[in-house]
1. According to the Kirkwood expression over distinct Cα-Cα pairs, how big is the hydrodynamic radius of the stretch 62-175, in Å?
2. Considering only protein heavy atoms and a 1.4 Å probe, what is the carbon-and-sulfur percentage of the accessible area of the stretch 11-92?
3. Just to check I understand the Karplus step: with θ = phi - 60° and J = 6.51 cos²θ - 1.76 cosθ + 1.60, what whole-Hz values come out for the stretch 259-264, glycine and proline as x?
4. Find out how many positive minus negative residues lie around E83, taking Lys and Arg as positive, Asp and Glu as negative, among other residues whose Cβ is under 11 Å from that of E83.
5. Can you give the convex hull volume of the alpha carbon atoms of the chain per residue, in Å³?
6. Size of the dipole of the chain about the Cα centre, Lys and Arg at +1 and Asp and Glu at -1 on the beta carbon, nothing else charged, in debye to 20?
7. Taking H placed 1.01 Å from N in the peptide plane, check which residues at least 5 places from H152 or on another chain put their amide H under 5 Å from its amide H.
8. Keeping all protein chains in place, calculate the accessible area per residue for the stretch 76-195 (probe 1.4 angstrom), answer in Å².
Amino acid sequence: MIKFRNKDTMPAMGLGTWKSEKSLVYKAVKTAIEIGYRHIDCAPIYGNEKEIGQAISECINEGIIERKDLWVTSKLWNDSHREEDVIPALEQTLEDLEIDYLDLFLIHWPISLKKDVYLAKSADDMISLDEIPLEETWKGMESAVNKNLTKHIGVSNFGKSNLSKLIKSSKIKPELNQVECHPYFQQNQLLEFCREEGVHFMAYAPLGSSDRPESLKNEDEPSLLEDEVIHSIAKSRNATPAQILIAWSLSRSTSVIPKSTNEKRIKENFMAQQIELDKKEMEMISELDKGRRYLLGDFWVFENGPYKLKDIWA
Ligand code: A2P
């Protein structure tokens, strides 16, 4: 369990829903809740919040869970960064998810897009951080807490520089940063910084997100799930490689949100919580760091556009 400042607790293990197909996600979320997951990670840009909402609402109506026992995270899309756009975007997410508050609401990217732009096709679709500073967006996030529409607020895909600025300027400090993290991209410096600042750290793409669309894949990508060291540890523990990857995130006291829409794998991933890796195994895995992101963020970079890769992750 991850403890927040007001003593709320978030289950460290959540179900990821990025890339979960609309037609499969309803069943996946219902199955996950029945198995024992109490933390679902969502975002409007994933295009499946209505189907997730249907599953959550049925689980509550059928008495499988109470709302208070479920941790629901969602995110603010990049086209709603103006202060006055934050609450309407959150209200739409709440309507789709069929709940009346979130447990955690995150700024999805330190990137602004024009209204109703989902993915940028050119620099014309983008707005610079000079025009809409993240501090302005954060004021909208803070008002979401004050209106009881979310219990906690945080960020996603923020590097140290963007995070520091918000920490300094905010009334309510960001409580969590959700970023890519796995043995090939261990993020030790950012993790250390978050720990020093009391910002929780959540790992996305813990299994390497190999179901990303081709447009988000790069040449010569190494496959985490096929890594020899991970396989050897899995074999010696009678576990699967995915379970070892999840157990590694949990052993570092970070939260983790593996995505699956397959019942067997949803269960398998949940069982990873029972594995406690020892010092030797953690050392073997720490040597696998390649500083290699799967999700480069280069889709936000255009010639003459307002964002440069090094600034996004700085
Ligand atoms: P599926 O949804 O068919 O189970 P990430 O969480 O890093 O984004 O990775 C998600 C990818 O990993 C998906 O392709 C998902 O496929 C697959 N996956 C999820 N759980 C497992 C598992 N236990 N073993 C192998 N692959 C898995």
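The values are calculated or read from the model by the stated rules, or taken from the named source; none is laboratory data. Computed from a predicted structure; not experimentally measured. Cβ: placed from backbone, ideal geometry, glycine included. Neighbour counts: every protein chain shown. We work out accessible area using only protein heavy atoms, side chains counted, and drop any ligands, DNA or RNA first. Shrake-Rupley method; radii C 1.70, N 1.55, O 1.52, S 1.80 Å.
1. On the way: mean 1/r = 0.0686 Å⁻¹.
Final number for the Kirkwood radius of the stretch 62-175 is 14.6 Å.
2. Details: 1430 of 3010 Å².
Carbon with sulfur: 48 percent of the solvent-accessible area.
3. Karplus-based 3J(HN,Hα) across the stretch 259-264 equals 9, 7, 10, 9, 3, 4 Hz.
4. Numbers: positive: R82, K139; negative: E84, D85, E135, E136, E142.
In short, -3.
5. Values: hull volume 40.3 nm³, N = 314.
In the chain, the Cα convex hull volume per residue is 128 Å³.
6. On the way: 41 positive and 52 negative charges, 154 e Å.
For the chain, the charge dipole is close to 740 debye.
7. Answer set, sorted by chain and number: L104, F105.
8. Details: 4860 Å² over 120 residues.
Per-residue accessible area for the stretch 76-195 comes out at 41 Å².
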